[in-house]
């Protein structure tokens with residue numbers, strides 16, 4: 001079982017460069033093109049922030065690019081919401097449900113919806129967790145993979161503590177002792193591995209840019225270059241996770257950089273207790 005895992009495509013209504021000078025459509029097209037020779041793919045998965053502005057045009061463009069990549073290979077394209085997405089436009093534009101169950105070769109992929117409208121952090125509500133518990137009550141023929149946007153793990157830094165899933169403990173209680181063998185997420189725009197209730201959790205780097213943690217303490221540096229992950233399941237030593245980078249001549253160049261003071265102000269706005277700014 002092989003999954004091409006993408007996240008944080010951040011397409012907008014209009015084509016062309018964003019505020020960082022990056023064209024999100026070009027970044028997505030580039031990584032898909034460079035992954036074109038990958039053999040034996042069974043699914044392509046995009047874990048949220050599909051659109052940057054929640055526009056119908058952005059979802060149509062993603063569906064055209066990712067959908068064509070999947071259709072050429074006869075495999076499904078799966079999507080989850082992220083904090084930048086808009087639920088109605090997401091479902092209408094991508095033809096995707098907010099939560100879904102897809103079985104491929106005995107492997108079950110469950111997509112979840114961690115979007116909290118108007119917020120940057122994520123949450124899985126009680127109703128969704130109850131539904132997940134009921135699905136997991138029956139094991140899959142092989143194993144189960146969960147996919148959603150906001151990581152239930154994070155490094156010991158203020159940004160990741162603030163922006164991740166707010167209730168990882170609740171999710172841990174649901175998946176503990178089940179056939180869930182991997183959790184796939186995005187949102188942080190960098191690669192990160194950890195465990196939740198003994199289950200591997202993977203954060204794939206972003207398509208639109210990548211966060212470079214070698215920047216000054218307390219600040220944020222984003223660099224150019226689309227990335228993705230090749231996920232292999234079912235074989236010896238699985239899950240196996242290999243990061244792929246687009247052959248971008250500008251890869252590694254700074255896209256934006258915020259100092260510690262700017263980031264502190266942003267984090268204060270993003271905290272769960274901050275006023276809703278919708």
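The values are calculated or read from the model by the stated rules, or taken from the named source; none is laboratory data. Just so it is clear, the model here is predicted, and its values are computed rather than measured. Here Cβ is always computed from backbone atoms with ideal geometry, including for glycine, and neighbour counts include all displayed protein chains.
Descriptive notes on the structure:
- Screening 124, 136, 163 for residues that are surrounded by 18 or more Cβ atoms within 10 Å (Cβ to Cβ), under 29 Å from residue 214 (Cβ atoms) and either under 17 Å from the mean Cα position of the chain (by Cα) or in contact (Cβ under 8 Å) with a residue 12 or more places away in the chain (or both) leaves exactly one candidate, 163.
- From the list 272, 205, 249, the one residue that fits, being more than 24 Å from residue 122 (Cα to Cα) and either in contact with a strand residue (DSSP E or B) (Cβ under 8 Å, 6 or more places away or on another chain) or assigned to a loop (DSSP other than H, G, I, E, B) (or both), is 249.
- Residues that are within 12 Å of residue 80 (Cα to Cα) and touching a helix residue (DSSP H, G or I) at 6+ places or on another chain (Cβ under 9 Å), drawn from segment 42-58: 44, 46, 50, 51
- Flag if residue 204 is closer than 28 Å to residue 106 by Cβ and in contact (Cβ under 8 Å) with a residue 40 or more places away in the chain: yes
- Test: residue in segment 77-88 that is farther than 17 Å from residue 206 by Cα and crowded, with 18+ Cβ neighbours inside 10 Å: yes
- When each of 55, 114, 100 is tested for being surrounded by fewer than 17 Cβ atoms within 10 Å (Cβ to Cβ) and at pLDDT 95 or above, the lone residue that passes is 100.
- Applying the criterion of being touching a helix residue (DSSP H, G or I) at 6+ places or on another chain (Cβ under 6 Å) and not in a strand (DSSP E or B) to the residues of segment 1-17, the residue that is surrounded by the most Cβ atoms within 10 Å (Cβ to Cβ) is 9.
- When residues of segment 239-251 are limited to those that are in contact (Cβ under 8 Å) with a residue 40 or more places away in the chain and over 20 Å from the mean Cα position of the chain (by Cα), the one surrounded by the most Cβ atoms within 10 Å (Cβ to Cβ): 248
- Listed conditions (1) assigned to a loop (DSSP other than H, G, I, E, B); (2) closer than 27 Å to residue 264 by Cα; (3) modelled with pLDDT of 95 or more are all met by residue 139, apart from (2).
- Residue 188 passes every criterion in (1) within 16 Å of the chain's Cα centre (by Cα); (2) touching a residue at least 40 places away in the same chain (Cβ under 8 Å) apart from (2).
- Residue among 173, 220 that is surrounded by fewer than 19 Cβ atoms within 10 Å (Cβ to Cβ) and at pLDDT 95 or above: 173
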